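Single-structure report; data block below.
Please treat every number below as a calculation from the coordinates, not as lab data. Please read all numbers here as calculations on a predicted model, not as lab measurements. Every residue, glycine among them, receives a Cβ derived from its backbone with ideal geometry; neighbour counts consider all protein chains shown.
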Amino acid sequence: MALTRRFIGALLLGNFPSWPGELWKDCEHRDCKEGGTSQQLRGAGEGTDRPRHLSSENLCINGSQIQNSNRVGSNACFASKLGDECQYHCNEGYIAVGRHVCQSLQVGGALYLNHTFFGGQCYRLCQDMQCSGETVPVRWLAGGCLETRCKAKDSALRDLAQGNYDLWRLARSNRSGVYVDHVSMDKSKQMGVAPGQNNYQGSTDTSGLGLMMECIADSMQWINRSEFLDRVNLTLSAFANKLSGDWNLPRSVNGWLPRYFYVLNGEPFSQDEWSVMATGLLYSGAMFVRTYVSQHEHSAAGQYIVNLVDNLVSMVRWDSMMCMQQWDNATNTTVAVVAPPSSVHATGIPYLQSSTGVCSDILWPTADGSYDFNEMMPALWLAYNFACRGQLGNCTNAALENAWQAWQTRRYKLNEYWDGFNLLSKWSCYVVQFPYYTTHAFISDPTWVDGFKNMWRADYADYASPAYYAGDVRYGLGAGPTLPWCGGGATYTADQLESNPNATGCRMWSPYCIAGYLPNDQDHISGQLFQLLAKGDSVLLLPNFLPDCPGNSCTREAHILGRKSLLRPAWNESGWITMVDLSTELLGLSTIWLGVDFFKNNTNHFP
């Protein structure tokens, strides 16, 4: 299922970061201990001087006062039932962040909130600055307060987009052009791997998305054309094994790539595991570059890039993607193995294949004859088009023909339902956002795009519901780092739609998902992003060790919107930012200036 890609990544990371301490100096009535050990019941010692027994008048005495607001003393919050919200405003020099709602909550089966008002805070401003005219405030944490800058609306979003690209530059190895899986904004964790990675975990799927980011950077004129060609050339050359020295990136006998490998020499982290999913995303980026260069660069250097991608395509046996079940006499069990191209029994779409042809983490057809929708669509689409060129609709590779036609039927018969929404999936935003930006068959089809839009609507509705009680602009059903104590021991999770508040874990929310949905309603979602920038709680200021800051002399203030926890508002992901998840922020933001047609045109590889 969709989680496979996420959990394999989390398991292979190995060296998990130690989470930063609470960043808010004035965390007020919150338990300020971070690091995954504190699970004490919220209530005792919170919010008011009065005894902590439940009053017959006020159902939620705990947390009924909000420091630095009008809700103190005799004007404390009042609730007659669970779910009642306390409206509040903050004192001068503070801003309000979050809804303050009367609720009870279990975390990991233990009571965490017991009839407690929770969720609203007043954050202190470093300076009480009012932005005027057409400018909007951009805020971020600086010590114990929020720093403020006033920016024109377009500049605020451009700076956010360019800040995202800055991290992609940090994630890319100068030696190989390969992008690492994750980065840290903690300068002390840098390992001397130019330009500044904190790990050696080269990532195949992240590199495919990184190639797309370079096309965006070229179109936005953040880099010049010569630099663009040099950067994509190096990355593509690494995967074509054309680098000098000790570089050697192995492939399976059918050409599939490892998902993770040593970024400096190509040695795989796992010796017998080849990722169909990651290979698909890598080639999605490579083909995006090919189509983009074909349209915009007709020089010899441009033609070299086109030829290089064509060489890469020829390195994969795309007709070997599908799997079938087979009896194994040695173990007296049924196993899934790579099927012959002509097999009509090959219906499995695998995430992984082994060197001996055994398939694992497989999507099999559902009872209605289609497949559960997920991020395998880009790989299937490419395999079908590469293996069936000139035969689309009647391909001699029966397995791919049948699989593609079955996949396409899912857009007409949605099999996931949540709170009145008919959906492609209940999983995180990447499940639909990756196909939207990488797969022409998705982005150019109005029915698929309707499914993309419905996922956004359900995402927002979930966070507005009693499962989260967010209900403002804090939503985004994403994937990424989490806190182990409330995440069931996990340090990485892929979130899904949930109606039960006791099953929401750390109540994570991912603003990059919001940006990834920008094509659904650009004006409305841009307004939500402005509100997030103004609140500042999810804004991360990038440090001055980024590649465009030689000698730590950078004066440009660049930001991203990072993953957060509603349950522990002071936590952020600055110690471990997974690039594959952050990618949808820039993919979505770029449509503001480049338009959706930028992705329709540059994924149209097979006109």
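Given their separation in residues at 0.36 nm each and the Cα-Cα distance between them, residue 186 and residue 130 gain 17.1 nm when the chain is fully extended. Just to verify a number: FRET efficiency for residue 604 and residue 502, C-beta to C-beta distance, R0 = 45 Å, to 0.05? Given R0 = 45 Å and the Cβ-Cβ separation, E is 0.45. Would any residue of the range 101-133 have its amide N under 13 Å from a label point 7 Å out along Cα→Cβ of residue 153? List them or say none. Only 133 pass the distance filter. Here each label is just a point 7 Å from Cα along the line to Cβ, and for residue 307 and residue 450 those points are 4.7 nm apart.
At most 14 other Cβ atoms within 10 Å and a DSSP loop assignment: could you name the trypsin sites (Lys or Arg not before Pro) in the range 145-231 that fit? Numbers along the way, then the final one.
Working: sites: 149, 151, 153, 158, 169, 172, 175, 187, 189, 225, 231; in loops: 175.
Qualifying residues, ordered by number: none.
The charge dipole of the range 172-316, taken about its Cα centre with unit charges on the Cβ of Lys, Arg, Asp and Glu (plus for the first two, minus for the last two), comes to roughly 140 debye.
Ordering 95, 458, 322 by Cα displacement along the dipole of the chain toward the positive end leaves 95 in first place; charges were set at the Cβ atoms of Lys, Arg (+1) and Asp, Glu (-1). Residues 322, 579, ranked from the fewest to the most other C-beta atoms within 10 Å, line up as 579, 322. The residue 227 and residue 360 beta-carbon pair, evaluated with R₀ = 60 Å, returns a calculated FRET efficiency of approximately 0.90. Tell me, what HN-Hα J-couplings in whole Hz come from the Karplus equation 6.51 cos²θ - 1.76 cosθ + 1.60 at θ = phi - 60° for each residue of the range 566-583, using x for Gly and Pro? Whole-Hz 3J(HN,Hα) from phi for the range 566-583: 5, 6, 10, x, 6, 6, 9, 9, 4, x, 6, 9, 7, 5, 4, 7, 5, 4. Here is the list for the range 65-108: trypsin sites (Lys or Arg not before Pro) lying in DSSP coil, each with at most 14 other C-beta atoms within 10 angstrom of its C-beta, are 81. Specify which labelled value, from [x] 28.3, 93; [y] 26.9, 84; [z] 24.8, 80, agrees with Rg and Dmax of the Cα atoms in Å derived from the coordinates of the model shown. So the structure-derived entry is [z]. Counting other Cβ atoms within 10 Å as a rough exposure proxy, the listed residues 178, 72 run 72, 178 from fewest neighbours to most.
With +1 on each Lys and Arg Cβ and -1 on each Asp and Glu Cβ, and nothing else charged, work out how big the dipole of the chain is about its Cα centre, in Debye to the nearest 20.
300 debye
Length gained on full extension, residue 57 to residue 392: 113.7 nm, using 0.36 nm per residue less the C-alpha separation.
Put a dot 7 Å past the Cα of residue 242, heading toward its Cβ, do the same for residue 409, and the two dots end up 4.3 nm apart. For the chain, the mean residue ellipticity at 222 nm estimated from helices alone is -10000 deg cm²/dmol, where every DSSP H run of n ≥ 4 contributes -39500 (n - 2.57) and the total is divided by all residues, rounded to the nearest 500. If you plug the beta carbon distance of residue 269 and residue 67 into 1/(1 + (r/R0)^6) with R0 = 41 Å, you get a FRET efficiency near 0.30. Going from the residue with the fewest nearby Cβ atoms within 10 Å to the one with the most, 128, 450, 205, 319 rank 128, 450, 319, 205. Summary: within the chain, the longest segment free of GluC sites (Glu not before Pro) located in DSSP loops with at most 13 other C-beta atoms within 10 Å is 135-607.
For residue 61, nonlocal amide neighbours, meaning residues 5 or more places apart or on other chains whose placed amide H falls under 5 Å from its own, are 55.
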